[in-house]
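**Student:** I have a structure here, written as structure tokens, and I will follow up with some questions on it.
Values quoted throughout were computed directly from the atomic coordinates according to the rules given, and no laboratory measurement underlies them. It should be emphasised that the depicted structure is a prediction, and the values quoted were computed from it without experimental measurement. A quick note on method: Cβ atoms are made from the backbone with ideal geometry, for glycine too, and the neighbour counts reach across all protein chains shown.
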Amino acid sequence: MVSLDVYNNIELVKYKIAEAAASVGRDPDQIKIIAATKGQPLEAMIQAVGTGYIDGIGENRVQEAREKKEKWPKNLSITWHMIGHLQRNKVKFAVQLFDVIQSIDSVRLADILEHRLELLGKTMPVLIEVNISGEASKYGVEPDHARALAEHILGLCPHLKLIGLMGIGPLTDEKKRIRSSFALLRRLKEELEEDLGVELPELSMGMSDDFELAIAEGSTMVRLGRVIFGPRRN
Ligand SMILES: *Cc1c(COP(=O)(O)O)cnc(C)c1O
């Protein structure tokens, strides 16, 4: 049952991504699918990755990721992305579990990560999470503070490789508002690239309800949960 659903869901998602990309003249192959798997069973995750269409797993909590990775099939390779708020006291585990951290939202977090990565002799691709929704409850740096954080990472955190920006759209049905928040993140990325003289290839934006709008605004990574797996189990 699960297997058929997951497979069909991913096929449909691929089709919708291709359509959204075509509508703005983009190459759909430049859009990665990160399966957002919080609260989803391991079997469904394995099936999703087994389709060959998934570019990464996105987990929100260190502990949940650890439990799942312990049982993950050794021969099924996939990159693990941290997409949830990372508590500073979990950083020492996170650097061992994840391949990419998408949710850097403070200088202090960047510094602690840098320290742990230096100890391990490892470099980690990271994204800065920006609060693009204007909603107070969301994590992420304010758009005005993204530049200072980017400069800090580029200048003082040699074990962090800044590859882009991540954002969560506002929780609303107003397409205009959602799209303008994605446009804000894209412009911010372009500004940083120009002002700081770096390339930031990744724009991680778009979830089940708004990934087509995000693609229209240049998303390179959509983080999809419910549209692949159905409702969360916990
Ligand atoms: C849960 C989650 C998603 C996916 O949400 P869906 O609406 O289920 O697609 C994406 N990004 C983050 C940060 C999440 O926490």
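**Student:** Can you find, within segment 48-68, the residue that is nearest to Tyr139 (Cα to Cα) among those that are touching a helix residue (DSSP H, G or I) at 6+ places or on another chain (Cβ under 7 Å) and part of a loop (DSSP other than H, G, I, E, B)?
**Tutor:** Ile54
**Student:** Return the residues of segment 134-164 that are without any contact (Cβ under 8 Å) to a residue 40 or more places away in the chain and either within 16 Å of the ligand (Cβ to nearest atom) or of a type in the set (D, E, K, R) (or both); say none if nothing qualifies.
**Tutor:** Across segment 134-164, the qualifying residues are Glu135, Ser137, Lys138, Gly140, Val141, Glu142, Asp144, Lys161.
**Student:** Inside segment 1-47, can you point out the residues that are more than 16 Å from the ligand (Cβ to nearest atom), part of a loop (DSSP other than H, G, I, E, B) and more than 25 Å from Leu127 (Cα to Cα)?
**Tutor:** Met1, Gly25
Here's the yes/no breakdown for (1) under 24 Å from Gly164 (Cβ atoms); (2) exposed (fewer than 15 other Cβ atoms within 10 Å of the Cβ); (3) free of Cβ contacts under 8 Å to residues at least 60 places away in the same chain:
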| site | (1), (2), (3) |
| --- | --- |
| Gly58 | yes, no, no |
| Arg61 | yes, no, yes |
| Lys71 | no, yes, yes |
| Ser77 | yes, yes, yes |
| Trp80 | yes, no, yes |
| His85 | yes, no, yes |
| Arg88 | yes, yes, yes |
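**Student:** Based on this model, can you work out whether Leu160 counts as surrounded by fewer than 21 Cβ atoms within 10 Å (Cβ to Cβ) and hydrophobic (A, V, I, L, M, F, W, C)?
**Tutor:** No; evaluated as a whole, the condition is false for this residue.
**Student:** With the structure loaded, tell me whether Leu86 is within 23 Å of Leu113 (Cα to Cα) and assigned to a loop (DSSP other than H, G, I, E, B) or whether it fails that test.
**Tutor:** yes
**Student:** Can you pull out every residue in segment 135-158 that is of a type outside the set (D, E, K, R), over 19 Å from the mean Cα position of the chain (by Cα) and farther than 17 Å from Glu199 by Cα?
**Tutor:** Ala136, His145, Leu156
**Student:** Next up: Please indicate, with yes or no, whether at least one residue in segment 212-230 is charged (D, E, K, R), surrounded by fewer than 16 Cβ atoms within 10 Å (Cβ to Cβ) and within 13 Å of the ligand (Cβ to nearest atom).
**Tutor:** The answer is yes; a qualifying residue exists.
**Student:** I need a count of the residues in segment 95-108 that are assigned to a helix (DSSP H, G or I) and over 16 Å from Ile153 (Cβ atoms).
**Tutor:** Going through segment 95-108 one residue at a time, the tally reaches 2.
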